[in-house]
Amino acid sequence: MKAAVLTGPNRIETVDGWPEPDCGPHDVIVRMEGVGLCGTDLAVFHGTRLPPVTPWVMGHEGFGRIAAVGSAVRDRQVGQRVVIEPNYACLACPDCRSGLTSACPHRAIVGLNAPGVLAERAALPARFAHPVPDGPTGADLAATEPYAVARAAVRRSGVTPADRCLVVGAGAQGLLVCLILARLGIRPVVTEPHPQRLARAERLGATPDDGGTGYTYVFETSGHAPALRPAVERAAPGATIVLIGLNPHALPLTTDDVVRRQLVLRGSMIYDHPGDFATAIAELPGARPSAVVEARFPIEEAQQAFTGAADRAGKTWIGIGDQDA
Ligand SMILES: [Zn+2]
Ligand SMILES: [Zn+2]
């Protein structure tokens, strides 16, 4: 089968003859139709996050149709269209049992420590293949996993329609946070240097930054440490700062800042199984996360898709096979 594999930094090859996946008794085989690209994939592509081996199958934001079910699977059928929840928590450790599967130390992370799904077929545990309703397009399904990430951040934040929200960054996560807040009746203010990303955020219901203050919620999605300090200075006393973007550097904040202004710092990592993904899928027909998608490439052009992804104003995804976009 075809697969898009990383062979070295900044080098992806679409190969033929990649080994077919094995279907375990609790697994399904998905005939893949598309895979979205995000910053994590680009970090692997650029060599800042190293895969366990090369060549390495890329991609984690995938969807397709079930082509086979394992002998012990009772609640999935061949032909169902599914979106993959690409973090396979163990569901047995104390974190998983407490409901915080996002903190599972045994989590298989597709595309990082488990092989990716940017291939014609992929095997995965059946419970992480979520059937989707009719109606959403391929672009909606390619954006469902990042939608679940943004949706979980909004859920965990506790934001209400009465809050004043500042969203830092209008990459895919920032755009999705804007879309979700707008659906809750909030008109977020967004800071973003890239004019086309800013325009996209405005189309989703956000307003451009006017230098105002008094925000009760700040959603930091850029992962760019210098962007955080000015945003926090504009937050109201007692505000909640939700951190979604990942960054290894120390925060440009002091204990004084947090204590005197009584800020709440709230990190949000992916989503918790199974509720957050189920919510995302239930909301798909109304939310239409394809609003953050810009470009589609065929798997044969995976190299071009990855090479330009960081510069595009919207999300890039890769189509596999000949289904409609
Ligand atoms: Zn992603
Ligand atoms: Zn666990």
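The values are calculated or read from the model by the stated rules, or taken from the named source; none is laboratory data. Remember, predicted model here, so these are calculated numbers, not experimental data. As a convention, Cβ positions derive from the backbone with ideal geometry for all residues, glycine included, and neighbour counts pool all protein chains shown.
With respect to the conditions (1) surrounded by fewer than 23 Cβ atoms within 10 Å (Cβ to Cβ); (2) more than 16 Å from ligand 2 (Cβ to nearest atom); (3) within 19 Å of Cys23 (Cα to Cα), Cys90 lacks only one, and its number is (2). Are any of the residues in segment 118-132 within 25 Å of Phe297 (Cβ to Cβ), β-branched (Val, Ile, Thr) and within 15 Å of ligand 1 (Cβ to nearest atom)? No: segment 118-132 contains no residue that is within 25 Å of Phe297 (Cβ to Cβ), β-branched (Val, Ile, Thr) and within 15 Å of ligand 1 (Cβ to nearest atom).
Of the residues making up segment 25-67, those that are more than 16 Å from ligand 1 (Cβ to nearest atom), surrounded by 16 or more Cβ atoms within 10 Å (Cβ to Cβ) and assigned to a loop (DSSP other than H, G, I, E, B) number 1. Mind telling me which of the residues Val218, Val232 ends up being farther than 23 Å from Ala295 by Cα and at pLDDT below 95? Result of the check over Val218, Val232: Val232. The residues in segment 93-103 that are near ligand 2 (Cβ under 7 Å from one of its atoms) and either farther than 10 Å from Asp272 by Cα or of a type in the set (Lys, Arg) (or both) can be counted, and the count is 2. Are any of the residues in segment 171-181 exposed (fewer than 15 other Cβ atoms within 10 Å of the Cβ) and touching a residue at least 40 places away in the same chain (Cβ under 8 Å)? No: zero hits. A single entry from Glu294, Glu283 fulfils the requirement of being acidic (Asp, Glu) and under 18 Å from Gly59 (Cα atoms): Glu294. Residue count for segment 302-325 satisfying the condition of being within 24 Å of Glu13 (Cβ to Cβ), in contact (Cβ under 8 Å) with a residue 40 or more places away in the chain and either among the small types (Gly, Ala, Ser) or surrounded by fewer than 19 Cβ atoms within 10 Å (Cβ to Cβ) (or both): 10.
To keep it simple, each residue is scored yes or no on (1) farther than 17 Å from Leu42 by Cα; (2) among the acidic types (Asp, Glu); (3) at pLDDT below 95.
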position: Pro274; (1), (2), (3): yes, no, no
position: Ala280; (1), (2), (3): yes, no, no
position: Val292; (1), (2), (3): yes, no, no
position: Phe306; (1), (2), (3): no, no, no
position: Ala309; (1), (2), (3): no, no, no
position: Thr316; (1), (2), (3): no, no, no
position: Ala325; (1), (2), (3): yes, no, yes
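When you scan segment 124-134, do you find a residue that is surrounded by fewer than 24 Cβ atoms within 10 Å (Cβ to Cβ), more than 18 Å from the chain's Cα centre (by Cα) and farther than 21 Å from Ile281 by Cβ, even just one? No, segment 124-134 contains no residue that is surrounded by fewer than 24 Cβ atoms within 10 Å (Cβ to Cβ), more than 18 Å from the chain's Cα centre (by Cα) and farther than 21 Å from Ile281 by Cβ. If the condition is being modelled with pLDDT of 95 or more and touching a helix residue (DSSP H, G or I) at 6+ places or on another chain (Cβ under 8 Å), then segment 244-260 contributes only Ile244. Where residues in segment 285-301 are under 12 Å from Leu141 (Cα atoms) and hydrophobic (A, V, I, L, M, F, W, C), which of them is surrounded by the fewest Cβ atoms within 10 Å (Cβ to Cβ)? The residue in question is Ala291.
Residues satisfying the criterion are absent from segment 192-212 (criterion: at pLDDT 95 or above, within 28 Å of Ala89 (Cα to Cα) and among the β-branched types (Val, Ile, Thr)). Scanning segment 96-119 for residues that are in contact (Cβ under 8 Å) with a residue 60 or more places away in the chain and surrounded by fewer than 20 Cβ atoms within 10 Å (Cβ to Cβ) returns Gly99, Leu100, Ala103, Asn113. If Asp163 satisfies every condition in (1) surrounded by 24 or more Cβ atoms within 10 Å (Cβ to Cβ); (2) touching a strand residue (DSSP E or B) at 6+ places or on another chain (Cβ under 6 Å) but one, which is the exception? That leaves (1) as the condition not met. Among the residues of segment 77-88, those identified as within 23 Å of the chain's Cα centre (by Cα) and either away from ligand 1 (no atom under 16 Å from the Cβ) or among the polar types (S, T, N, Q) (or both) are Gln80, Arg81, Val82, Asn87.
Of the residues making up segment 89-96, one or more are among the hydrophobic types (A, V, I, L, M, F, W, C), assigned to a helix (DSSP H, G or I), more than 16 Å from ligand 1 (Cβ to nearest atom) and closer than 29 Å to Ser268 by Cα.
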